[in-house]
Amino acid sequence: MNGEFNPLQSELLFARPRRLHIKSAWNEHVPFAMLLVELQRPHVVVELGAHWGVSYCAWCQAVAVLGIGTRCWAVDTWAGDAHAGSYGDEVLEDLREHHRQYESFSHLLRMTFADALREIPDGVVDLLHIDGLHSYDGVKNDYESWRPKMSPQGVVLLHDTVVREPGFGVHKLWEELSAQFPHFNFEHGHGLGILAVGPEQPDAVRGFLLAANRRPHATRELFSALGSRLQREVERSARASFGARLRRWLGL
């Protein structure tokens with residue numbers, strides 16, 4: 001995909017995701033996640049804060065479909081935090097079951113973000129998604145700690161850029177960083193900020209950012225509509241599943 005972004009030329013923007021989850025705040029950004037892999041063709045993807053694995057499995061699905069030889073790492077303690085809440089091993093076990101199809105190129109690292117720094121060399125990460133603790137100090141520390149890992153074509157994604165509830169500070173870091181790099185911010189799905197931190201961006205990524213910033217309203221409307229469609233599907237499926245369980249319990 002060369003030149004300015006044309007959504008009708010995309011192979012993956014309208015693809016059917018293999019993994020969504022009713023409790024995930026990321027369902028609405030899955031179309032962009034898959035598109036970004038198509039645009040960037042990253043060699044290394046790292047996600048800090050995988051939780052249910054909706055965003056991470058979107059990267060993995062795109063890599064598998066495109067057959068581009070990308071290596072992927074998801075880093076999480078899978079124990080929860082102040083914003084995600086606490087949970088047991090069932091979350092990781094559910095993700096592992098789905099993730100088996102990607103084990104040839106993907107790894108789930110159950111450790112802290114700080115410990116994972118030893119696992120990834122400097123200067124190699126093309127796509128970094130930061131979605132851990134959402135306090136200002138927490139997300140700033142994650143960004144600064146992992147910034148040396150970024151490659152010359154590196155892109156950083158920050159989730160929850162429009163959330164301004166007490167304890168959430170991603171919006172503040174976004175305001176600081178977006179003044180320094182080519183960027184675009186989606187406002188649906190709690191907000192998703194795109195930072196082109198590397199100086200050697202692929203033409204397709206530059207073309208997307210150029211088109212998005214020329215027509216921000218249309219771009220946000222497109223991706224919000226695609227994401228809302230997926231969220232509605234997840235909610236319908238959850239209602240149907242609950243109804244089936246209730247009927248079995250009632251003996252109907």
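No lab work stands behind these numbers, since they all come straight from the coordinates. Because the structure is predicted, anything quoted here is derived from the model rather than measured. Neighbour counts are summed over all protein chains in view; Cβ atoms, including those assigned to glycine, are modelled from backbone coordinates with ideal geometry.
See the values below:
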item	result
Among Q153, Q61, Q180: highest mean-square fluctuation, GNM of the chain, C-alpha pairs under 10 Å	Q180
Order of F5, F32, F14 under a 10 Å beta carbon neighbour criterion, fewest first	F14, F5, F32
Centre separation in Å (Cα based) which lies between the range 114-150 and the range 43-60	13
Beta bridges per DSSP with both ends in the range 1-127, % antiparallel, nearest 5	15
Which of V205, V45 has the fewest Cβ neighbours within 10 Å, and the rest in rising order	V205, V45
Residue-averaged 222 nm ellipticity for the chain, from DSSP H runs of 4+ at -39500 (n - 2.57), nearest 500	-13000 deg cm²/dmol
Eligible lysines near K149 by straight Cα distance, threshold 27 Å, same-chain separation 8 or greater	K140, K172
Segment E97-E187, length gained on full extension (0.36 nm per residue, minus Cα span)	29.2 nm
Where labels lie 7 Å past Cα in the beta-carbon direction, separation of E90 and D137 in nm	3.4
Label-point separation, K172 to R118 (7 Å along Cα→Cβ), nm	3.2
Net length gained if the chain between H217 and Q180 were fully extended (0.36 nm per residue, minus Cα distance)	11.1 nm
Environment charge at V125 (Cβ cut-off 12 Å; Lys +1, Arg +1, Asp -1, Glu -1)	-1
Sequence-distant residues sharing a close amide H with F5 (under 5 Å, placed H)	F208, A211
The chain: relative contact order as a whole-number percent, Cα under 8 Å and 6+ apart	21
Directionally averaged shadow of the range 18-250, computed from the convex hull of its alpha-carbon atoms, nm²	13.1
Net charge dipole size for the chain [Lys, Arg +1 and Asp, Glu -1 on Cβ; Debye, nearest 20]	920
The chain: most fluctuating residue of E28, E103, E165 per GNM, C-alpha cutoff 10 Å	E165
Among V162, V170, V91: highest mean-square fluctuation, GNM of the chain, C-alpha pairs under 10 Å	V91
DSSP bridge orientation in the chain - percent antiparallel, rounded to nearest 5	35
Inter-label distance, nm, simple model (7 Å from Cα along the C-beta direction), H43/R110	3.1
Residues H217, H188 arranged by fewest to most Cβ contacts within 10 Å	H217, H188
